Amino acid sequence: MSKRVLSGIQPTHDSFHLGNYLGALTQWVELQSTHDAYYCIVDLHALTIEVDPALLRKRILASAAQLLAIGIDPKKSTLFIQSHVPAHNQLGWVFECITGFGEANRMTQFKDKSQKSGTDRTVVGLFTYPMLQAADILLYQPELVPVGEDQRQHIELTRDLAQRFNARFGDVFTVPGAHILKSTAKIMDLQEPTAKMSKSAASMAGVIELLDTPEANIKKIKSAVTDTGREVTFDEKEKPGISNLLSIFSAITGRTVKSIESDYAGKGYGDFKKDVAEVVTEALKPIRETALAYLKDESALLELLREGADRAEAVAGQTISTVYNSLGLLPRKK
Ligand code: TYM
């Protein structure tokens, strides 16, 4: 049996962005060929921001369509929706009961998000979010969790919880490792290249969306903020804008940054940005078209997700009964 991987993505916006794609999703596609892969649309996590039911429903479907369009193959991977497998909530609660308050309070994503909205508008679900994420992961006993850099701390907490549970209640969980690709771990906002590209950015001008039109994306890339100087060279400190575009170009074409730099020796930023715009939109065009085609047949999508949930539930159900048993919870008489 091949080793397992698991990862998840939130359906919080109309489209995934280039950071999601290069930081995580291309790894998902690659790993499904060598691993027993479980990929989850984490709809329950999306409830930690304000919910518009009609929009959420649409976004969950669009998430599934995009994952299929980038190449997640339901024959190779188990693709499912988190809320279809109740064991996620069951194990999430168990982890809430073995996580320290201070430990949860140290999560930087919680601190950032709660600071932005203020204590009165911060929901408790945002605080317990990482424990639900730990449950998403550990239910499937994966060895690897492919994610971007911003998830590193959550994976560390997941490892701590797995080890803590194992030490107290017996060896139940595989302790997983984060799988983070250095070159694309943190794709930056094109307008603000010192901040990560994010779905919750104040302005979408620096965020390349998978489902946006090629024209809109070309415009955003051509107007990306660049740095002083003229040479296209990689220098994250002095040239964060150009370095980000070089990382993107390199990730999409599979070429090394060095060889791209030498192509543009003596040329200006304008030529370079034009070519980045072209390679990015050429790569995204078929993804957009395929995703839109999947969205035309909602019932086929739902059927696919049902099959995924059945497979996921079989694994998750076993883990949660072992966990309950190890905790001393009495099984219901058959
Ligand atoms: P989410 O939905 O914000 O992002 C999905 C994936 O995209 C990566 N990512 C990036 N990578 C590089 N550069 C960026 N600018 C960038 N922005 C986002 C994220 O690191 C992530 O891998 N908490 C998770 C969702 C989650 C999860 C899980 C992940 C819930 N349960 C279990 C893994 C395993 C999140 O909010 O990701």
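Throughout, read-outs are computed from the coordinates displayed, never taken from laboratory work. All values reported here derive from a predicted model rather than from experimental measurement. Cβ placement follows ideal geometry from the backbone for every residue including glycine, while neighbour counts extend to all protein chains displayed.
Once both axes come from the Cα atoms, what is the angle between helix 124-138 and the longest principal axis of the chain, in degrees from 0 to 90, rounded to 10?
Result, in degrees: 80.
At what distance in angstrom do the alpha carbon centres of region 270-317 and region 138-178 lie from each other?
Here the two parts' Cα centres lie 27 Å apart.
Roughly speaking, what is the stretch gain from TYR324 to THR290, that is 0.36 nm per residue apart minus the C-alpha to C-alpha distance, in nm to one decimal?
8.0 nm
What shape does the chain have by the C-alpha gyration tensor, where a ≥ b ≥ c are the square roots of the eigenvalues, rounded means a/c under 1.5, and otherwise prolate means a/b greater than b/c and oblate the rest?
prolate
Run the paramagnetic zone check for LYS222: 7 angstrom along Cα to Cβ, then residues of region 171-194 with backbone nitrogen under 17 Å.
Hits in region 171-194 for LYS222 at 17 Å: 191.
To make sure I understand, if each residue's beta carbon is the centre and we count other beta carbons within 10 Å, what order do ARG255, ARG332 fall in, fewest to most?
Exposure proxy ranking, most exposed first: ARG332, ARG255.
Which stretch or stretches of region 184-220 have amide N atoms under 14 Å from the point lying 7 Å from LYS76's Cα along the Cα→Cβ direction?
What the label zone holds, given the 14 Å backbone N cut-off, is no residue at all.
What are the extents of the Cα atoms of region 147-222 along their three principal axes, listed from largest to smallest and rounded to whole Å?
Dimensions of region 147-222 along the principal axes of its Cα atoms: 56, 23, 23 Å.
How would region 52-201 be classified by its alpha-carbon gyration tensor: rounded, prolate or oblate, with rounded meaning a/c under 1.5 and the a/b versus b/c comparison settling the rest?
rounded
Zone of SER33 (label point 7 Å along Cα→Cβ, backbone N under 20 Å): which residues in region 276-305?
Answer for this model: 283-284, 286-287.
Could you work out the helix-only [θ] at 222 nm for the chain, with each DSSP H run of four or more residues adding -39,500 (n - 2.57) and the total divided by the number of residues, to the nearest 500 deg cm²/dmol?
Only helices count here, giving -16000 deg cm²/dmol.
So how long is each side of region 214-292 along the principal axes, counting just the alpha-carbon atoms, biggest first, in Å?
40, 24, 21
Going Cα to Cα from LYS186, which aspartates and glutamates come in below 19 Å? Please leave out same-chain ones fewer than 8 positions away.
LYS186 reaches GLU30, ASP112, GLU149, ASP150, GLU156, GLU209, ASP227, ASP235, GLU236, GLU238.
What's the FRET efficiency of ARG230 with ALA202 using the Cβ-Cβ distance as r and R₀ = 41 Å, to the nearest 0.05?
According to the calculation, E is roughly 0.90.
Counting only DSSP beta bridges with both residues in the chain, tell me the antiparallel percent, nearest 5.
Around 15 percent of the beta bridges assigned by DSSP in the chain are antiparallel ones.
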